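Have a look at the structure below before the remarks.
The values are calculated or read from the model by the stated rules, or taken from the named source; none is laboratory data. As the structure is a computational prediction, the values presented were derived from the model and not from experiment. With ideal geometry, Cβ positions are generated from the backbone for all residues, glycine too; neighbour counts draw on all protein chains shown. Protein only, heavy atoms only, side chains kept; ligands, DNA and RNA dropped before computing areas. Shrake-Rupley method; radii C 1.70, N 1.55, O 1.52, S 1.80 Å.
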Amino acid sequence: MKCALCGYQFDKEESDATCTGCPLFKGCSMVRCPNCGYEEPADSTVIKILKQWRNPKK
Amino acid sequence: MSSLFKRGRHRQRKGSGHHHGAKTISITGLDKVALVGSPNTGKSVMFHNLTGAYATVSNYPGTTVEVSRGKGRIRQKEFEVIDTPGMYSLLPITEDERVARTLLLEEKPDVVIQLVDAKNLERMLPLTLQLLEAGLPMILDLNMGDEAEKLGITIDTKRLEEELGIPVVLTTATTGQGMKTLEEHVIKHSKATNALRIKYHAYIESSLETIISLLQSDYQLSKRAIGLLLLQEDQEITNLIQTQEPENFSRIKAVVAETQQRYTHSLNYLINRRRQWEAKGIVSNSMTFPSEVQSTFREKLSRLMMKPITGIPILLLVLYFGLYQFVGVFGAQTLVDFLEEVVFGEYFNPFITELFSTYVSYIPLQELFVGEYGIITLGIRYAIALILPIVGTFFIAFSIIEDTGYLPRMALLIDRVFKKIGLNGRAVIPMILGFGCSTMATIVTRTLETRRERVIATFLLALAIPCSAQMGVLLGILTGNPLATLIWVITLVGIFLLIGFLTARLMPGDSPSFYMEIPPLRMPNLSNVLIKTYTRVEWYFKEVFPIFIVASIVIWIGQITGLFDQVLNILAYPVTWIGLPREAAVAFLFGFFRRDYGAAGLYDLQQSGVLSGIPLVVSAVTLTLFVPCIAQFSVTIKERGVKTALAVALFIFPFAFIVGFLLNAILISLGVQL
């Protein structure tokens, strides 16, 4: 994924690694950029299903 | 294996080396200048420029790698010059690189000149960053300057010097251009006190801190560089540490293993990627390439957006139409009025209240759901009639700003303005623009070096960073009164500037670059905007809904026990002290749960006519500064301990009200009419 603020490309594991100390980690659906700290919500389940429905091959 | 403690002795084998010139060179006791760099950067030519005819070439002991040594003279001072084999990284792969690193460490040069190809600076800067981390006394020589010029590349060496914190010289070794400047720097050489220091991921930084504390011996490299090489699993360094730190080696190894487990990618990959990112940022700030000079409308507009003199008016226009009009007027007035007064006021609330009155005879249970602070009549009403339209329109506006590519331009503009006044934009901008809570930011403070810095940073985060949704709700309250909005905005801007100033003072050594990839400007894509808005609204409601319901339940319990009224009576003292009506105490009580819940409480008071004018803006400012929400408070306890967390909260509470008091007094004394 690509940070919408700084453009840094990272994966979810890298983002999670910076958050594991937080007590809210397990319940948090935010994705944090390891470079600049900008956070965005992860894709919701509804959106994933819609995307899957539109592009079933992906 | 070479020792990293003692100076090695270079042997010249008989018959295997060759001399240039007839004289035997004596280089013992002279200051050493080491030339380092990748192959094909002109090191040999530079070596010849510095040494003339007097040099020896021989194999490094035990290897087939050739090393050239010579004597150079600058003004009256003589130097030993060493031409090291080509290297790309301090983590060696080839024998050449191994010898080059060993030479640097064993010979302990007084000056290290790194030669890079000026056309390909971005590829070569990662080595520069490693050498800086190692604590070596550096000069960066951008060689082959003539070739870069032919290609239309312009290099701002002054900017590079500022970014890196070391002397930077542009040379063309083949013609001698730039040699005088280089020689001046060699004469004046001293270890850089302001060299760039990259910050890696928070967890890697935390592990580095631990490793550094476990390294007891002295090394030719800085302990930070040793720590990084250990994390990158450099075998030679690992073996060295095993020998030199027998007591702590197993702990160091455990830290390395534990750090690696946190990431899917290897630490070597992550560390190198971070350096490459930093190199990209430095190059983008100090070099221009011919392809960048375009005159399309989008490029012109993009440049205008990022220059402070034109960028600030553009930003104000975007904020006015995007936030003030769309969120504040359309969202917070038109939509909210419709949902509150028509949907809930005329239909839903009367219906549900009637339903409960008819079928639920137990009064406390009626109160729980449909009372003054009931789950449905307050909690759900706040969430759907008030928060949803404001936050929804706010997220739409934000998603459009993001999808057009304006967001990084806005961040860069704010950062440039901050830098001009000596502040630290990097510490503030992601927090302002991000939707995450300050909770995470509190965790990042663990990477600060001293306890004092950590406590102060934690305090700043708790005090003054509002979440974006809270800002949206408060904006909704203040819209319709431009002067009130202006006062609130000025107060917020003042807070952000204060945070920027304090973090710049408290966190020295932070990278001066705030590099972002700037995507092309484009028209927003409707489906992207809708997807982003939906994702954010869904996330927000998942967070907020349960809290609003829990808050209603807690207040209900408080009402039954009488505790609610007692707390309100206590809160009424500071509230009335700052010129607000007693009823505003409820909003501050809500603010303990979540700040946006408190903002929603203010909105209700404004709608009912209880809050207006000066008290409205004073309450908005005070609530912005108010105590952290429960989530952030609990993280502060975990990161800083109970005592510090309580101290922070106990400071912020009176501080927020003192600011409210002062603002109220100033506005009244100035006779401001709102």
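Worth pointing out:
- Qualifying residue in region B:248-264 (condition: within 29 Å of B:PRO126 (Cβ to Cβ), in contact with a helix residue (DSSP H, G or I) (Cβ under 8 Å, 6 or more places away or on another chain), touching a residue at least 60 places away in the same chain (Cβ under 8 Å) and among the basic types (Lys, Arg)): no
- Boolean, B:VAL256 is open to solvent by less than 70 Å² (accessible area, probe 1.4 Å), closer than 29 Å to B:LYS158 by Cβ and of a type in the set (A, V, I, L, M): no
- Qualifying residue in region B:33-45 (condition: of a type in the set (D, E, K, R) and farther than 23 Å from B:GLU161 by Cα): no
- Odd one out for B:GLY72 among (1) within 21 Å of B:MET179 (Cα to Cα); (2) touching a residue at least 40 places away in the same chain (Cβ under 8 Å); (3) more than 38 Å from the chain's Cα centre (by Cα): (2)
- Residue, farthest from B:TYR406 (Cα to Cα), within region B:521-546, restricted to residues that are away from chain A (no Cβ under 12 Å), open to solvent by less than 70 Å² (accessible area, probe 1.4 Å) and assigned to a helix (DSSP H, G or I): B:PHE545
- Put simply, of B:THR238, B:THR172, B:THR154, B:THR128 the only residue that is of a type in the set (S, T, N, Q) and over 24 Å from B:GLY86 (Cα atoms) is B:THR154.
- If you go through region B:105-129 and keep only what is in a helix (DSSP H, G or I) and either open to solvent by 10 Å² or more (accessible area, probe 1.4 Å) or out of contact with any helix residue (DSSP H, G or I) (no Cβ under 8 Å at 6 or more places or on another chain) (or both), you end up with B:LEU105, B:GLU106, B:GLU107, B:LYS119, B:ASN120, B:GLU122, B:ARG123, B:MET124, B:PRO126, B:LEU127.
- Against the criterion of being open to solvent by 10 Å² or more (accessible area, probe 1.4 Å) and without any contact (Cβ under 8 Å) to a residue 60 or more places away in the chain, B:GLU149 qualifies.
- With respect to (1) within 33 Å of the chain's Cα centre (by Cα); (2) away from chain A (no Cβ under 14 Å), the lone exception for B:GLU247 is condition (1).
- Take the conditions (1) free of Cβ contacts under 8 Å to residues at least 40 places away in the same chain; (2) outside any helix (DSSP H, G or I); B:ALA195 misses just one of them, which is (1).
- Pick from region B:60-97, criterion among the charged types (D, E, K, R) and outside any strand (DSSP E or B), ranking: most open to solvent (accessible area, probe 1.4 Å): B:ARG75
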